[in-house]
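Q: The structure is given below, and queries will be raised subsequently.
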Amino acid sequence: MRRVAATFAVIALMVTTGARAATAEDRHRSAVFRVGAAVANIDPTYPVYLGGYGAGPAGGTIARHTDPLTGKSEHLTVRAIAIVRAGHVVELATVDTQGYMAGYDEGPYGLTTIRQHVARWLTAHGDRSASESDIVISSLHEHAVPTLFGVWAPMSHQVRYLGQVSRALTTVLERAYAKARPATLTWGTTNAPWLGGGNIPEGNEFEGWPRDGFLLALQAHAVATGRTIATYVSEPAYPNIVYGAADLVQKGRVTKTLISADFPHYTREFLQARYGGVAIIASSTLSNQASPEQADIAPSPDLPRVEGLQQTRAFDDIILMGEAVANLTMTALAHSHPVTDPTLASAEQHVISPADNAALLVLSESCTAGPAGEKAISTATGGSIYPACRSMSPPYTYAAALGTWVTALRIGRVVFISEPGEFAAPIHWTWQDSIGDADAVAVIGAAQDFLGYEYPAYVTPFTLLGGDELIFNPGVELGDQVELAGKQDAAALGFPVNWATSGEATVTDNDYTQVARPGVALLASADDVTPGDVLIFEASSQVPRVEMTCDNPALLVAPPSCALPKDAMGPFHWDFGDGTTMTTPIQAQARAYFSPYVTHRYARPGRFEVTVRAADARGQAATSATMWVTVR
């Protein structure tokens, strides 16, 4: 039996598998660029504190999660792709970290300094027109990785690691350019809003709001060999399944903190095994986009248990999500388009935004005092945080205003626009609707800077519902300023722009009753399927919101009295599309959100529509999920 990349689907979302071979016509039409890619290891060399839901043990940790698929430890990395045409280059890089500031008072380690340094290097090595606007660097917003901006721990402890990461970033951006060779580019998209959570109550979601499910994949193939050089993916899922401290529960309920790059590690490994080359994953819209796996409090049954462990809280779920995102990437590339327009260009806006959140300014100001000012601060939500270390000098800060950057890269007729933090989906939708003549408009989240949560102004009252939003939302204006800056970038790149569109128009799309309805998603091992292969299907149910206690990710270990959801889903009614049907019983309460696996064998080639339909335990609110399976 062969088990390969997994696929979810929700209502009316059709996912097909297989790859489309480039035709002779595609190769003839494709513009020829020069493309290079590079990777560098950034595993910490000394114990460091983690970011997100607790910093880990006193003194930090360097212990890393072991990948049960390989038996080897995960590596934290920085990755870059350089695309060159007619002496001009644009570069995209990602970092396995929670967030990365544009500038630091601790030293020349910020993203703006790195971009300026690399631009000078590029001008000396072949691109006389290079500027910092040609380079976009983003964080993956993982939560079990070393913090690079304080908040979770004293920044002075992390500065040596920050220096290590900044040097590695500089190296991979220069190396990617140096390795560039003739290549063609293809791009493809798909839509999977279920990647951004759904009906499950989770810490960073406002249930009932639409999700941004847009995924874009850009792939480079060497002209000489046809082999993949790199695959760059902007994907909407939030790498927040592994919380950091106390995420691995061992025998006797002893907890162990491990560093983990969350599901992007597995997505990269799956894509590199499938295509070769370097796989680079970037987060797109982040705010309000928590993963559907984030709140899973029970051991998941999708993988054998790691030797010696009583319970894995999240590490098996990141493999599940990694497979899902990889399979969606393959779906996008199976319907890819060649980049025929040879244009390479960049545009950048420096945005100065009022910081009306006094709490955020206090956090940053405290850091300028150095170690003497690094004292934990109590929060309104009952926790404590350390100063957020971002430069308080121009061009990063002007008194009570923040300076940040919004950058857009044009690759043919595909546009990538950066967002300097965790921004709400309506900003992306506005760019998609307002930028004309572009083949696709993709977001690169947590890029060029990291300023926390941002929403269009009309959304701001709802952010009062969440504790994090009260602390890490710089000001009500920034979301709309970033939206405008993205349009200005697009206009500078030669695209027509509708200036009248705004995020406010999407408020009518919000379905606030969604929180009260159960849902169902579908998972299948369905890549490169041939007659006789056994497919494994699983339906993942999403129970109605009953109470927050057990699903709140701020609880590092669920208390023993934490009851599993009362409203179980099921039975599940299956139709495999080949005349075969099946019914599976109501899911076992002890397994939280998952039903047992179902296996099916297709006897003949064809394209089959698989449907699963379910209701809650009282037979109410029936929902369904559909996906297509191709058997060759």
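The values are calculated or read from the model by the stated rules, or taken from the named source; none is laboratory data. All values reported here derive from a predicted model rather than from experimental measurement. Here the Cβ positions follow ideal geometry from the backbone for every residue, glycine too, while neighbour counts run over all protein chains shown.
Q: What's the number of the only condition in (1) in contact (Cβ under 8 Å) with a residue 40 or more places away in the chain; (2) more than 30 Å from residue 342 (Cβ to Cβ); (3) over 15 Å from the mean Cα position of the chain (by Cα) that residue 85 fails to meet?
A: The single condition residue 85 does not satisfy is (2).
Q: Go through the stretch 83-102 residue by residue and tally those that are surrounded by fewer than 24 Cβ atoms within 10 Å (Cβ to Cβ) and part of a loop (DSSP other than H, G, I, E, B).
A: 2
Q: Give the number of residues within the stretch 352-384 that are modelled with pLDDT of 75 or more and farther than 14 Å from residue 396 by Cβ.
A: Total satisfying the criteria: 3.
Q: From 273, 230, which residue is at pLDDT 85 or above and surrounded by fewer than 22 Cβ atoms within 10 Å (Cβ to Cβ)?
A: Every option except 273 fails the conditions.
Q: Does residue 80 qualify as being outside any strand (DSSP E or B), touching a Leu at 6+ places or on another chain (Cβ under 8 Å) and more than 18 Å from residue 404 (Cα to Cα)?
A: Criteria not met by residue 80.
Q: Something else now. Which of the numbered conditions does residue 504 fail, given that it passes all the others? Conditions: (1) of a type in the set (D, E, K, R); (2) at pLDDT 65 or above; (3) part of a helix (DSSP H, G or I).
A: Result: residue 504 passes all but (2).
Q: Please go through the stretch 346-366 and give me each residue that is in a strand (DSSP E or B) and surrounded by fewer than 16 Cβ atoms within 10 Å (Cβ to Cβ), ordered by number.
A: Once the filter is applied, which keeps residues that are in a strand (DSSP E or B) and surrounded by fewer than 16 Cβ atoms within 10 Å (Cβ to Cβ), the stretch 346-366 yields 350, 352.
Q: Moving to a separate point now. Please find, among 222, 153, 144, 217, the residue that is buried (at least 20 other Cβ atoms within 10 Å of the Cβ) and at pLDDT 95 or above.
A: Going through 222, 153, 144, 217 in turn, just one is buried (at least 20 other Cβ atoms within 10 Å of the Cβ) and at pLDDT 95 or above: 217.
Listed here are the residues, each with its yes/no results for (1) at pLDDT 90 or above; (2) more than 17 Å from residue 446 (Cβ to Cβ); (3) surrounded by fewer than 24 Cβ atoms within 10 Å (Cβ to Cβ).
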residue	(1), (2), (3)
238	no, no, no
246	no, yes, yes
251	no, yes, yes
254	no, yes, yes
262	yes, no, no
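Q: In the stretch 108-144, what count of residues is obtained for those that are in a loop (DSSP other than H, G, I, E, B) and either closer than 18 Å to residue 178 by Cβ or more than 24 Å from the chain's Cα centre (by Cα) (or both)?
A: Selection size over the stretch 108-144: 8.
Q: Please count how many residues of the stretch 416-454 are hydrophobic (A, V, I, L, M, F, W, C) and assigned to a loop (DSSP other than H, G, I, E, B).
A: So the answer is 5.
Q: If you take the residues in the stretch 166-178 that are out of contact with any helix residue (DSSP H, G or I) (no Cβ under 7 Å at 6 or more places or on another chain) and surrounded by 24 or more Cβ atoms within 10 Å (Cβ to Cβ), which one is farthest from residue 404 (Cα to Cα)? Working first, answer last.
A: Quick first cut of the stretch 166-178, residues out of contact with any helix residue (DSSP H, G or I) (no Cβ under 7 Å at 6 or more places or on another chain) only: 167-168, 171-172, 175-176, 178.
Filter again for surrounded by 24 or more Cβ atoms within 10 Å (Cβ to Cβ), leaving 172, 176.
Values: 172: 24, 176: 26 Å.
Among residues in the stretch 166-178 that are out of contact with any helix residue (DSSP H, G or I) (no Cβ under 7 Å at 6 or more places or on another chain) and surrounded by 24 or more Cβ atoms within 10 Å (Cβ to Cβ), the one farthest from residue 404 (Cα to Cα) is 176.
Q: Going by the structure shown, is residue 181 modelled with pLDDT of 95 or more and either closer than 18 Å to residue 77 by Cβ or in contact with a Leu (Cβ under 7 Å, 6 or more places away or on another chain) (or both)?
A: Against the criterion (modelled with pLDDT of 95 or more and either closer than 18 Å to residue 77 by Cβ or in contact with a Leu (Cβ under 7 Å, 6 or more places away or on another chain) (or both)), residue 181 does not qualify.
Q: Taking the stretch 577-618 on its own, how many of its residues are of a type outside the set (Val, Ile, Thr) and modelled with pLDDT under 65? Quick ask: steps written out before the conclusion?
A: If we filter the stretch 577-618 for residues that are of a type outside the set (Val, Ile, Thr), which is where we start, we get 577-579, 582, 585, 587-597, 600-609, 613-618.
If we keep only those that are modelled with pLDDT under 65 as well, we get 587-597, 616-618.
Total satisfying the criteria: 14.
Q: State the number of residues belonging to the stretch 477-492 that are crowded, with 20+ Cβ neighbours inside 10 Å, within 12 Å of residue 431 (Cβ to Cβ) and hydrophobic (A, V, I, L, M, F, W, C).
A: Qualifying residue count for the region: 3.
Q: Out of the residues in the stretch 69-84 that are at pLDDT below 95 and in contact with a strand residue (DSSP E or B) (Cβ under 9 Å, 6 or more places away or on another chain), state the one that is farthest from residue 347 (Cα to Cα). Walk me through it before giving the result.
A: Going residue by residue through the stretch 69-84, those that are at pLDDT below 95 are 69-74.
Checking the rest, the ones that are also in contact with a strand residue (DSSP E or B) (Cβ under 9 Å, 6 or more places away or on another chain) come to 72-74.
Details: 72: 41, 73: 39, 74: 36 Å.
It comes out as 72.
Q: Within the stretch 28-59, track down each residue that is surrounded by 14 or more Cβ atoms within 10 Å (Cβ to Cβ) and at pLDDT below 90.
A: Once the filter is applied, which keeps residues that are surrounded by 14 or more Cβ atoms within 10 Å (Cβ to Cβ) and at pLDDT below 90, the stretch 28-59 yields 51, 52, 53, 54, 55, 56, 57.
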